[in-house]
Amino acid sequence: MWLNKFYNDRNKDLYPNPGNITFQYGTSGIRCKSDYLDHVVHRMSLLVALRSMCLKSARVGLMITASHNPQDDNGVKLIDPQGEMLESTWEEYATELSNALNNDNVCNILSKIVLKYNIDSGYKPKVYVGRDTRNSGERLLKAVILGLKIFKSDYEDFGVITTPMLHYFVRCYNTNGLYGQPNENSYFTKLTNSFKKMRKMCSDYKNYSPIIEFDGANGVGALKLKDAMKYLDDSLIINLHNNDVMNSRKLNLNCGADYVKSNQCPPTGLSIIPNTKYVSVDGDADRIIYFFIDETNTFYLLDGDRIATLVAGYLKELIMASGLNINIGLVQTAYSNGNSTNYISNELKVPVACVPTGVKYLHHTAKDYDIGVYFEANGHGTLVFKESVGILIREELLKQKNEEKLLVLNKLKWIMDMTNETVGDAYSDMLIVETVLCDRGWNLKDWCNTYKDLPNRLTKVTVKDRSIFSITNAERICIKPLGLQDKINLAVANYPMARSFVRPSGTEDVVRIYAEADTQANADRLATEVASIVYNIAGGVGELPLL
Ligand code: NG1
Ligand code: ZN
């Protein structure tokens, strides 16, 4: 078969599998200590090339990043032609290939794929590549490029770039520029211009302030924000913190969106002043959260749930004012705060769905709506618009004579144009949030006052083998190990307004425990109880987390 021709050109196993780790293409690609990843990324470049050939030379993407994980980790995510995550059947091949013991096994798996999809050697693979600021990125990139060359791929390396930018570029290429051009200038121009147009319409800021203290997690988000600022002019005043990308030891260290969300406290590396607007992004800039402290130094977090409710409520009003027949829905995961779900259903009256963790599930379900809003509580999310919605709005804009309605329609169009629909994007999300806050004349306190979060706690336990866990009902029920869920239910019954669930992480070797209850003390107690239940039933390793 034609595959052999390529393989014969190649030296023996350039990147052997040391065989000491089992990999899984999980919630968001493959991640682990960067030292173990050379053969993995190399094989992923072979797989992504086949993916492109299988899709008749559609452009696909490969991103080298471990997002919010520590700097000595790294990872790889593959991107499908519309800028979405890799299709799930191919995730299985990715897992198989990463674990293949030797070159012969790799060849067999690749041959199996070629035969299954009847992949024609005439299609040239087309691949975009990017990486975050991690030190190991450059070394891993070499392994990727060698793999791409084996299949004589047409590839472009975008160097250090945010994950969502690479997703955007892939989509731009495959839509022949309809979505934009696959370069940084087009990306910043498209998103920022619509933001600036809408900003010009805002005449009275009321409580709103355009000043942002930005925590860049010492990663690529900080680097790219510097570029973005050239496009923003003075429409936002951004003070950049945690932007030391030269010292990669600092990446995500006590800062960034994941740190702030998980620890429910401000990051280090910047002074925290009461009633000031802070934004934190993660190490590859696909997550964003807001926070502030008040005069009494109380910390308030505005996470993905808050962004989703803010944006969905606003869009719903615009849709109603436009008179157009467009439906809107919101997608969350089990980690979303119970009170955000109540607020969405009872106050906003927007339909809400709950799906398993992982953007691919949220994205998929969001596409069921004309306008789908999806966010994980950790700040990873975006909006998706059906193609028909874009067409409808544009047609209406041409017909409409009424000034007020025209403005409403333009607002919908501008929001659509400042959205990176392919995946969660900290920069795009920030522009959208700032737009809504400005149009409403709100500061973060006003935003926070829309509903009150239930106190909650997220913790984790390391167990001998997390593969013994089996979960169902959008991850809210644990079926295995047997008896675990009954014990969780008993613990939950002791606390008012309580909820708790456990699930094995898809990106770390841990089991995650989530608890919420009427008070912080109760949420913490419940999380500790459930952690010890998991520890005892599922073979806990090391220290039991105490809160
Ligand atoms: P895992 O490790 O599977 O829980 C975490 C996040 C996901 C997602 C991925 C990818 C939580 C509880 N889980 O997944 O939401 O963002 O990382 O980065 O935040
Ligand atoms: Zn990320």
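Please treat every number below as a calculation from the coordinates, not as lab data. What you see is a predicted model; the values in this text were computed from it and never measured. All Cβ positions, glycine included, derive from the backbone under ideal geometry; neighbour counts span all protein chains shown.
Taking 7 Å along the Cα-to-C-beta vector as the label spot, tell me the T175-S57 distance in nanometres, rounded to one decimal.
2.3
With unit charges on the beta carbons (Lys and Arg positive, Asp and Glu negative) and the dipole taken about the Cα centre of segment 456-538, which residue among N473, A527, N489 sits farthest to the positive side?
Value computed over the given set: N473.
Multiplying the sequence separation of D368 and A321 by 0.36 nm and subtracting their Cα-Cα distance, what value in nm do you get?
Taking D368 through A321 to full extension adds about 14.7 nm, to one decimal.
Only Lys, Arg, Asp and Glu count, each charged at its Cβ (+1, +1, -1, -1), so figure out the dipole size of segment 418-547 about its Cα centre, rounded to 20 debye.
Around 540 debye, computed over segment 418-547.
Just grab the label-to-label distance for V510 and E404, each label 7 Å out from Cα along the Cβ direction, in nm (one decimal).
According to this spin-label approximation, the distance is 5.2 nm.
Taking K and R as +1 and D and E as -1, what net charge do the other residues with C-beta under 9 Å from the C-beta of Y155 add up to?
Around Y155, the charge tally is -1.
Local charge sum around E395 (other residues, Cβ-Cβ under 15 Å, Lys/Arg +1, Asp/Glu -1)?
Result for the neighbourhood of E395: +3.
Do any trypsin sites (Lys or Arg not before Pro) in segment 200-233 lie in a loop, going by DSSP, with at most 16 other beta-carbon atoms within 10 Å of their beta carbon, and if so which?
Qualifying residues, ordered by number: K206.
Quick one: which residues, 5+ away or cross-chain, put their amide H under 5 Å from the amide H of T27? H built at 1.01 Å from N.
For T27, whose amide H was placed from the backbone, the distant partners under 5 Å are G506, T507.
Tell me the Rg and the Dmax, in Å, that the Cα atoms of segment 329-422 produce.
Just the Cα atoms of segment 329-422 yield Rg and Dmax of 14.9, 45 Å.
Taking the Cα centroid of segment 435-450 and of segment 242-274, what is the distance between the two, rounded to the nearest whole Å?
24
For the chain, compute the orientation-averaged projected area of the C-alpha convex hull (one quarter of its surface), in nm².
Dividing the Cα hull surface by four gives the mean projection, 24.8 nm².
Taking amide H atoms as placed 1.01 Å from N in the peptide plane, list the residues 5 or more away in sequence, or in a different chain, whose amide H sits under 5 Å from that of R503.
R512
Could you calculate, for segment 71-164, the ratio of the Cα radius of gyration to the Kirkwood radius, expressed as Rg to Rh?
0.95
At each listed q (0.10, 0.14 Å⁻¹), what is the log10 of I(q)/I(0) that the Debye formula gives for segment 189-301 modelled as equal alpha-carbon point scatterers?
-0.31, -0.59
Enumerate the helices in the chain for which the Kyte-Doolittle hydropathy averages -0.5 or more and the C-alpha atoms extend at least 20 Å along the helix's axis, using complete DSSP H runs.
Passing helices, by number: 38-54, 103-117, 136-150, 304-322, 403-417, 426-440, 520-537.
List the pairs from K33/K480; K190/K413; K460/K480 whose alpha-carbon separation is above 22 Å, in the order I gave them.
Check vs 22 Å cut-off fails for K33/K480.
Please give the Cα centre distance for segment 336-353 versus segment 475-544, rounded to the nearest Å.
24
For segment 162-229 and segment 68-127, write down the distance between their C-alpha centroids in whole Å.
30
Hey, can you grab everything whose amide H is under 5 Å from the amide H of V127? Only 5+ residues off in sequence or another chain; H modelled, so Pro and N-termini drop out.
For V127, the qualifying residues are V60, D154, Y155, E156.
Give me the number: length gained by fully extending D234 to D104, i.e. 0.36 nm times residue separation minus the C-alpha to C-alpha distance, one decimal in nm.
Stretched fully, the D234-D104 segment lengthens by 41.0 nm.
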